[in-house]
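The structure appears below as structure tokens.
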Amino acid sequence: AAASPLFMSEAATAESTAMADAGKPPAESDADSNVADDTIPTKLPSDVGMDYVPLATMLATGQWAEADQFTRDALIVLAGSKEKGRTFVYWTEVKRIPSTDLATIERLWTKFSKGKFGYSVQKKKWR
């Protein structure tokens, strides 16, 4: 079967726009389970074996808050902060995060938010 495109409902589009304006996802999200399996990518590169399919699934189904938490947790692990007992990443540790993993996270957020979220979007807002 052909891949069905992912279209956001009018309510989901409004929610995504509000999130982009606020700069962060809502504390709670309403999941949209009407996403075809073939819209969720499964070949998601990681230099350290991180599984990004859960993140892709959360983003594809509009679970923005959950995806935000997954991303935060992944960055803490990737930077080596978790093994030091911290729940945050020092800016000096960011260079330890593999660029392949950052690119995968960026691609997923940018794709499923239709360009409203992602590191490149944040970079543009800070300029």
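I need the full set of residues from region 100-120 which are touching an Asp or Glu at 6+ places or on another chain (Cβ under 7 Å) and at negative phi, in order please. Please lay out each step first, then the result.
First pass over region 100-120, keeping only residues touching an Asp or Glu at 6+ places or on another chain (Cβ under 7 Å): 100-101, 118-120.
If the condition is that a residue be touching an Asp or Glu at 6+ places or on another chain (Cβ under 7 Å) and at negative phi, then Thr100, Asp101, Tyr119, Ser120 are the ones that fit.
Of all residues being at pLDDT below 90 and more than 15 Å from the chain's Cα centre (by Cα) in region 84-127, which is farthest from Leu44 (Cα to Cα)? Just the residue, please.
Restricting to residues being at pLDDT below 90 and more than 15 Å from the chain's Cα centre (by Cα), the top hit is Arg127.
Among the residues of region 58-91, which ones are open to solvent by 40 Å² or more (accessible area, probe 1.4 Å), in a loop (DSSP other than H, G, I, E, B) and not small (Gly, Ala, Ser)? First the steps, then the outcome.
Start the filter on region 58-91 by keeping residues that are open to solvent by 40 Å² or more (accessible area, probe 1.4 Å), which leaves 63, 66, 68-70, 72-73, 77, 82-91.
Pick out the ones that are also in a loop (DSSP other than H, G, I, E, B) and you get 63, 85-90.
Across region 58-91, the qualifying residues are Gln63, Arg86, Thr87, Phe88, Val89, Tyr90.
Which members of region 37-46 meet the condition of being closer than 15 Å to Glu106 by Cα and open to solvent by 50 Å² or more (accessible area, probe 1.4 Å)?
Result: Lys43, Pro45.
Can you work out which of the residues in region 92-102 that are under 17 Å from Gly49 (Cα atoms) and of a type in the set (Val, Ile, Thr) is surrounded by the fewest Cβ atoms within 10 Å (Cβ to Cβ)? Outline the logic, then answer.
Start the filter on region 92-102 by keeping residues that are under 17 Å from Gly49 (Cα atoms), which leaves 96-102.
Those still in the list that are of a type in the set (Val, Ile, Thr) too: 97, 100.
Values: Ile97: 20, Thr100: 14.
Step by step, filter region 92-102, then rank; the result is Thr100.
Anything in region 103-121 that is open to solvent by 40 Å² or more (accessible area, probe 1.4 Å) and touching a residue at least 24 places away in the same chain (Cβ under 8 Å)? List them, or say none.
Ala103, Lys111, Lys114, Lys116
Which condition from (1) modelled with pLDDT of 95 or more; (2) out of contact with any Phe, Trp or Tyr (no Cβ under 8 Å at 6 or more places or on another chain) is the one that Asp32 breaks?
(1)
Just give me the residues in region 45-57 being outside any loop (DSSP other than H, G, I, E, B) and more than 16 Å from Lys116 (Cα to Cα), in sequence order. First the steps, then the outcome.
Looking only at region 45-57, we keep the residues that are outside any loop (DSSP other than H, G, I, E, B), and these are 53-57.
Passing the criteria: Val53, Pro54, Leu55, Thr57.
The values are calculated or read from the model by the stated rules, or taken from the named source; none is laboratory data. Since the structure is predicted, the reported quantities are computational estimates derived from the model, not experimental observations. Heads up, the Cβs are rebuilt from the backbone with ideal geometry, glycines too, and the neighbour counts pull from every protein chain shown. Surface areas here come from the heavy atoms of the whole protein model, side chains and all, with no ligands, DNA or RNA. Shrake-Rupley method; radii C 1.70, N 1.55, O 1.52, S 1.80 Å.
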